[in-house]
Amino acid sequence: MKALDYVLLTLVIIGAINWGLIGFLNFDLVKVLFGDMTMLSRIIYAAVGIGGLYAISYYGRIHSTEN
């Protein structure tokens, strides 16, 4: 489970960096590397989204370790 946490946290960080680049510089790194909405870029966006949804579970784990 810990390996999955690291992989998905890495995806969330990559997504956050990409959104930062889009917001500050209007530069979409995924689009540049993998093309504009190609199948591969859509898979990457979906994986980052799933990672973000999974990261919501971190709140429950933080709460459970505090008690």
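Numbers at a glance
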read-out: Radius 15 Å from Cβ of Leu9, net charge of other residues (Lys, Arg +1; Asp, Glu -1); value: +1
read-out: Angle between the chain longest axis and helix 57-66 axis [Cα atoms, degrees, rounded to 10]; value: 30 degrees
read-out: Alpha-carbon Debye profile of the chain, log10 I(q)/I(0) at 0.21 Å⁻¹; value: -0.88
read-out: Accessible area expressed per residue, the chain, with surrounding protein chains retained (probe 1.4 Å, Å²); value: 78 Å²
read-out: Helix axis angle, 2-25 relative to the chain longest principal axis, alpha carbon, degrees; value: 40 degrees
read-out: Expected 222 nm ellipticity per residue - DSSP helices of 4 or more, -39500 (n - 2.57), all of the chain, to 500; value: -27500 deg cm²/dmol
read-out: Relative contact order for the chain, counting Cα pairs under 8 Å that sit 6 or more residues apart, in percent; value: 39 percent
read-out: 0 to 90° range, to nearest 10: angle between helix 39-55 axis and the chain longest Cα axis; value: 20 degrees
read-out: The chain - charge dipole about Cα centre, Lys and Arg +1 at Cβ, Asp and Glu -1, debye rounded to 20; value: 100 debye
read-out: Tyr45 accessible area, assembled protein chains, probe 1.4 Å, Å²; value: 80 Å²
read-out: Leu8, Leu25, reordered so the largest accessible area comes first (probe 1.4 Å); value: Leu25, Leu8
read-out: Rounded to the nearest 10 Å², the accessible area of Met39 at probe 1.4 Å; value: 140 Å²
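The values are calculated or read from the model by the stated rules, or taken from the named source; none is laboratory data. Remember, it's a predicted structure, so these values are computed and weren't measured experimentally. Note that we place each Cβ from the backbone using ideal geometry, even for glycine, and neighbour counts take in every protein chain shown. Calculation scope for accessible area: heavy atoms of the full protein, side chains included, ligands and nucleic acids excluded. Shrake-Rupley method; radii C 1.70, N 1.55, O 1.52, S 1.80 Å.
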